[in-house]
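Below you'll find the structure, written out as structure tokens, and then a few comments.
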Amino acid sequence: MTSGPDRDVPDTSLQRLAEHLELTYNEADQTLTDPRTAAAFRTAMDWAVQVMAGAQAQDLIGEEQQKALAALLAGSKEAVPLI
């Protein structure tokens, strides 16, 4: 999250997630500071949301579960700019 009039300090849990994501990518000799890697990560998160929607459509998970998982994946995308 960026600084602004309504938010001067990033959410620390989101910052911790960003750090964890970057460490995970670093272990694979990658970095989410690379624009192409970050774009691929965001695309993967979008795809995962679609998979969750498909699982919900097939009654494999409930609507509330699908929404919760989609929110977690969206949070992962929001963390990338904090790296």
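Each value in this text was obtained by applying a stated rule to the coordinates, not by laboratory testing. What you are looking at is a predicted structure, and each value in this text was computed from that prediction instead of being measured. Positions of Cβ are backbone-derived with ideal geometry, glycine not excepted, and every protein chain shown enters the neighbour counts.
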Taking r as the C-beta separation of A55 and E27 and R0 as 35 Å, the FRET efficiency to the nearest 0.05 is 0.80
Okay, helix-only estimate at 222 nm for the chain: each DSSP H run of n ≥ 4 adds -39500 (n - 2.57), divide by all residues, round to 500 deg cm²/dmol; what do you get?
-> -23000 deg cm²/dmol
Expected sort for L73, L60, L32 with the fewest Cβ neighbours (10 Å cutoff) up front is L60, L73, L32
What FRET efficiency, computed as 1/(1 + (r/R0)^6) with R0 = 22 Å and r the Cβ-Cβ distance, is obtained for E19 and K77, rounded to the nearest 0.05?
-> 0.90
Just need the relative contact order of the chain here, percent rounded to a whole number, with Cα pairs under 8 Å and 6+ apart.
-> 41
Quick one: putting +1 on the C-beta of Lys and Arg, -1 on the C-beta of Asp and Glu, what dipole do you get for the chain around its Cα centre, in Debye to the nearest 20?
-> 140
